[in-house]
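Engineer: First the structure, which I've put down as structure tokens, then a few questions once you've had a look.
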Amino acid sequence: MHIHILYEDNHLLVVEKPVNVPVQEDASGDADLLTLLKDDLKRRYQKQGNVFLGLVHRLDRPVGGVMVFAKTSKAASRLADVLRKGNMRREYLAVVRGKPSKRQATLEHFLWKDSRKNKVHVVGSKSEGAKRAILDYKVIDQTADHSLVAVTLQTGRSHQIRVQLAENGTPLYGDQKYGKGLNRPGEQLALWAHRLEFPHPTTKEQLCFESLPPAVLPWQALKKEASIRM
């Protein structure tokens, strides 16, 4: 499996995650990104024994796009701190069914995850286990039936973009879990990690990496801009 490397130094490895590949080993037993990258590092640098590669953040299995991994434990710790403090800017592109009521808005909900069913629900703020979820979105382009939106996360909750946009009346194209009835089996979930921006863990230089989704449906029916700013 070819994995596009966007950037690499002694501390970081930034890649473009392929769609439908789990980030780490799961019950499916399918090849996962973390293991594939470790094997690649071991081969390229002829390393003996285990290779360290720290998982900093996650993307759902159907989602492709930019991801950063840490090549040292120090980098992993510092990047985790950057993420925890909200200093890692994560922007996504999504194709949704229909048209949002507002061209640009901030969505805020409280979410609860049913771990047994791996499904997230919008709940009241005082519900047990509820976690606050906030995102900003902006409509980039529209057709009669779909909208291309840019999304910036303020929080990082499981399935957050999928749940919040569905709650807003515009479920993601291809989302069988949160857009059942509108989407058909076999459609690819149209969510892409477009831009990742964060300070380098050692030099503190502000880094920014971008990736665009492939020119296939439904992306090819809508404009894709390489520099989408919220």
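Engineer: Could you give the length gained on full extension between residue 1 and residue 117, defined as 0.36 nm per residue of separation minus the Cα-Cα distance, in nm?
Structural biologist: Difference between extended and current length: 38.8 nm.
Engineer: Viscosity 1.002 mPa s, temperature 20 °C: what is the translational diffusion coefficient of region 1-46 from Stokes-Einstein with a Kirkwood Rh over Cα pairs, rounded to a whole number of µm²/s?
Structural biologist: 188 µm²/s
Engineer: Take the Cβ-Cβ distance between residue 73 and residue 215 as r, set R0 to 45 Å, and report the resulting FRET efficiency rounded to the nearest 0.05.
Structural biologist: For R0 = 45 Å, the calculated efficiency reads 0.70.
Engineer: Now, a different point. With +1 on each Lys and Arg Cβ and -1 on each Asp and Glu Cβ, and nothing else charged, work out how big the dipole of the chain is about its Cα centre, in Debye to the nearest 20.
Structural biologist: 520 debye
Engineer: Counting only heavy atoms of the protein chains, get the accessible area per residue of the chain (1.4 Å probe) and round it to a whole Å² value.
Structural biologist: Accessible area per residue, the chain: 52 Å².
Engineer: Turning to a different aspect of this structure: Could you size up the charge dipole of region 132-230 around its Cα centre, putting +1 on the beta carbon of Lys and Arg and -1 on that of Asp and Glu, and report it in debye to the nearest 20?
Structural biologist: 220 debye
Engineer: What does the C-alpha gyration tensor say about the overall shape of region 104-230? Classify as rounded when a/c is under 1.5, otherwise prolate if a/b is larger than b/c, or oblate.
Structural biologist: Oblate.
Engineer: Would you mind telling me the antiparallel percentage of the DSSP bridges in region 102-204, rounded to 5?
Structural biologist: Taking every DSSP beta bridge with both residues in region 102-204, the antiparallel ones total about 95 percent.
Engineer: Okay, moving on. For region 48-83 and region 167-204, what is the separation of their Cα centres, given in Å?
Structural biologist: So the separation of the two Cα centres works out to 19 Å.
Engineer: Could I ask something else about it? Pop out the carbon and sulfur fraction of the accessible area of the chain as a percent, whole number, probe 1.4 Å.
Structural biologist: 46 percent
Engineer: For Cα pairs less than 8 Å apart in space and 6+ apart in sequence, what is the mean separation divided by the residue count of the chain, i.e. the relative contact order in percent?
Structural biologist: Computed over the chain, the figure is 19 percent.
The values are calculated or read from the model by the stated rules, or taken from the named source; none is laboratory data. Please read all numbers here as calculations on a predicted model, not as lab measurements. Glycine gets a Cβ as well: all are built from the backbone with ideal geometry, and neighbour counts include every protein chain shown. Protein only, heavy atoms only, side chains kept; ligands, DNA and RNA dropped before computing areas. Shrake-Rupley method; radii C 1.70, N 1.55, O 1.52, S 1.80 Å.
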